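Any read-out appearing in this document is the output of simple, stated calculations on the displayed coordinates, not a laboratory observation. No experiment lies behind these values; they were computed from the predicted model shown. Note: ideal-geometry Cβ built from the backbone for every residue, glycine included; neighbour counts use all protein chains shown.
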Amino acid sequence: MQSYKIAFLGAGSIAEAVIAGLLEANLVKGQDITVSNRSNTDRLSYFKSKYDVNGTHDKKELLRNADIIFFAMKPKDVVEAIAEVKEYITEKQFIISLLAGVSTASMTGLLEKHIPIVRSMPNTSAAILKSATAICASAYATEEHLRIARQLFEAIGSVSVVDEEQMHAVTALAGSGPAYVYYMVEAMEQAAREAGLDNEVAKSLILQTLSGAADMLLTTGKHPAVLRAEITSPNGTTQAGIETLQNNGFPDAIIKCIKRATERSHELGETLQALMKQ
Ligand SMILES: NC(=O)C1=CN([C@@H]2O[C@H](COP(=O)(O)OP(=O)(O)OC[C@H]3O[C@@H](n4cnc5c(N)ncnc54)[C@H](O)[C@@H]3O)[C@@H](O)[C@H]2O)C=CC1
Ligand SMILES: O=C(O)[C@@H]1CCC=N1
């Protein structure tokens, strides 16, 4: 891949996961990445020492040589962030937005110029090259911008190209998705503790079970219901467990969870639009 100078506006969890992944994949050199945040100097020092990237609070300096600018602040902070940097961004650069809920049209409105934007939704598994990322292009992004973004995200996981309206559901499913799995692991660990299992033994059993199940889905191509049936002996332990999940609304809770997170993504975008009208 051609070498690009990359700037990050925001140095939080997702910026770190993406940077760690890009460096691990050897796609970008640390010295070609510059990171900025609102004011936390310790956090920039952490990035510099851990990843050998550049850090600055000087937004002009950050953007001067950047080919690609990652937007990685919270949605509520994007108005202030764009106000601070818009005079330094040119149409020759392009933005990769990681923001949940925020449309490329809103960002273009705030930028007041036709900067190409590729809206993206990775997840924190980017750090180990296992992100499930979806991307879409703004009205001013070309196939070439989409191709470059795709290449970057393919180095750190899988990439799906979607319509922008679908980004809300994508965010609920895959952006937030790892957190739901971690929550389930927390519950499994608690159950193991209550059953008197040694913590280390329980952890090893749970993690191998999860990773084995994910690999079974990936490698066999079988429908999850078929794989589930293969485990469920009539009147056995699995049947008893699954019935308990059903009686406690497990499928319904998961469906509601993803619907509510999708709705929340819409709300984040609407809050920003209301702010822009003020
Ligand atoms: N955490 C996650 O798993 C994922 C988060 N996202 C999106 O990424 C964005 C960041 O999320 P996190 O990393 O979790 O947040 P975070 O709170 O960990 O980091 C936000 C960063 O933005 C910086 N920031 C705030 N205002 C700024 C400004 N005006 N200029 C420059 N930097 C500024 C903060 O100092 C901080 O470094 C959000 O929009 C979120 O929707 C997307 C995919 C996954
Ligand atoms: O919780 C959030 O809003 C962000 C978006 C996807 C993951 N974290």
Original post:
What is the spin-label model distance, in nm, from Gln151 to Gln2 if the labels are put 7 Å beyond Cα along the C-beta direction?
Top reply: 0.7
Subject >> Ile128 paired with Glu80, simple spin-label distance in nm, labels 7 Å along Cα-to-beta-carbon >> reply: 3.4
**OP:** For the chain, with a Gaussian network of springs between Cα atoms less than 10 Å apart, report the residue from Lys256, Lys48, Lys113 with the top mean-square fluctuation.
**Re:** Lys256
Subject >> Choice from Ile231, Ile135, Ile33 showing the highest fluctuation, given a GNM over the chain with Cα pairs closer than 10 Å >> reply: Ile231
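When DSSP assigns beta bridges and you keep just the ones with both residues in the chain, what percent turn out antiparallel, to the nearest 5?
On the way: 4 of 26 bridges.
So the antiparallel bridges amount to about 15 percent of the total.
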Subject >> Residue of Ala229, Ala81, Ala20 that the Gaussian network model of the chain assigns the largest fluctuation, springs spanning Cα pairs under 10 Å >> reply: Ala229
**OP:** Kindly identify region 177-258 as rounded, prolate or oblate by the Cα gyration tensor criterion: order the square roots of the eigenvalues as a ≥ b ≥ c, call it rounded if a/c is under 1.5, otherwise compare a/b with b/c, prolate if a/b is larger, else oblate.
**Re:** rounded
**OP:** Enumerate the helices in the chain for which the Kyte-Doolittle hydropathy averages 0.0 or more and the C-alpha atoms extend at least 20 Å along the helix's axis, using complete DSSP H runs.
**Re:** 199-220
Subject >> Length released on extending from Ala274 to Val162, taking residue separation times 0.36 nm less the Cα-Cα span >> reply: 37.8 nm
Original post:
Are any of the pairs Lys76/Lys113; Lys113/Lys277; Lys76/Lys130 more than 23 Å apart by Cα-Cα distance, and if so, which?
Top reply: Lys76/Lys130
Original post:
Using 0.36 nm per residue, how much length does the chain from Met184 to Glu112 gain when fully extended, once their Cα-Cα distance is taken away?
Top reply: 21.6 nm
